[in-house]
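These notes are about the structure you will find just below.
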Amino acid sequence: MKVLALYGSPRKEGNTALLLRELVKGLRAGGGDATELFLCDLQILPCVADHSCSETGKCFLQDDMQAIYNHLLAHDCIVLAAPIFFYNVNAQTKALIDRSQSLWARKYVLKHPVNPPGIKKKGIFISVGATKGAKLFDGTLLTVKYFFDTIDAELSHTLLYRSVDGKGEILKHPEALQEAHNLGMALAGK
């Protein structure tokens, strides 16, 4: 299984990054491998909604999203890790999701399949939020679910943690790190 690990946090040592790094460690310990992309290192322009992608299935903006599109299409499992900012994913992650509009247009407007028939990717979402709010992840999960749908991935698993905010604070929750590691091992078939 080809796994794409998308680090959405602006902090490379942030809580979601640490959880995703642990999932990747588990994956590799089980014999699997992952392509890791840190969104904060990439230039992803915001969607300008010119709708030309509805005619071509491609975004006309030239930036690092062009390579990300190829990764989204080539991998069997997409693991997206993003912190919660104001009850949604952070700006870097939202830019990636918004720029996936061209893939949505390709699939739903132009009726070009994203994957070969019968192939369904896995989608995994990892997130951490500072508050204890009961609905902390509700809106985000809907956004992530539709992002995964656009690339023919089914949201198969989530790792969601409340009341974690400070940089590296997830390290005080070894059970969360172990859960991420175990999920990585499971993806490797171990």
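The values are calculated or read from the model by the stated rules, or taken from the named source; none is laboratory data. Since this is a predicted model, take the numbers as computed values, not measurements. In this analysis, Cβ positions are derived from the backbone assuming ideal geometry, glycine residues included, and neighbour counts consider all displayed protein chains. We work out accessible area using only protein heavy atoms, side chains counted, and drop any ligands, DNA or RNA first. Shrake-Rupley method; radii C 1.70, N 1.55, O 1.52, S 1.80 Å.
Ellipsoid fit via the Cα gyration tensor, the chain: semi-axes of 27, 19, 14 Å, each the root of five times an eigenvalue, largest first.
Of interest is the spacing of the C-alpha centroids, which for region 45-65 and region 156-190 amounts to 34 Å. Only helices enter the 222 nm calculation for the chain: every DSSP H run of n ≥ 4 contributes -39,500 (n - 2.57), and dividing by all residues gives -10500 deg cm²/dmol, rounded to 500.
Full extension of the chain between residue 28 and residue 134 gives 34.8 nm of extra length, using 0.36 nm per residue less the Cα-Cα distance. Using Cβ point charges alone (K and R +1, D and E -1), the dipole size of region 77-168 about the Cα centre works out to roughly 80 debye. The charge dipole of region 1-118, taken about its Cα centre with unit charges on the Cβ of Lys, Arg, Asp and Glu (plus for the first two, minus for the last two), comes to roughly 220 debye. Among the trypsin sites (Lys or Arg not before Pro) within region 121-175, those in coil by DSSP and having at most 16 neighbouring Cβ atoms inside 10 Å are 132, 135, 162, 167. Taking region 82-112 and a reference point 7 angstrom along Cα→Cβ of residue 54, the backbone N atoms nearer than 20 Å belong to 97-112.
The residues of region 130-186 have, on average, 54 Å² of accessible surface per residue, using a 1.4 Å probe with all protein chains present. The heavy atoms of residue 22 present about 40 square angstrom of accessible area, all protein chains included, probe 1.4 Å. With a sphere of radius 12 Å drawn around the Cβ of residue 131, what net charge do the other residues whose Cβ falls strictly inside it have (Lys, Arg +1; Asp, Glu -1)? In short, +2.
Accessible area per residue for region 24-88 is 52 Å², calculated with a 1.4 Å probe on protein heavy atoms, without ligands, DNA or RNA. For the chain, with all protein chains in place and a probe radius of 1.4 Å, 56% of the accessible heavy-atom surface sits on carbon or sulfur.
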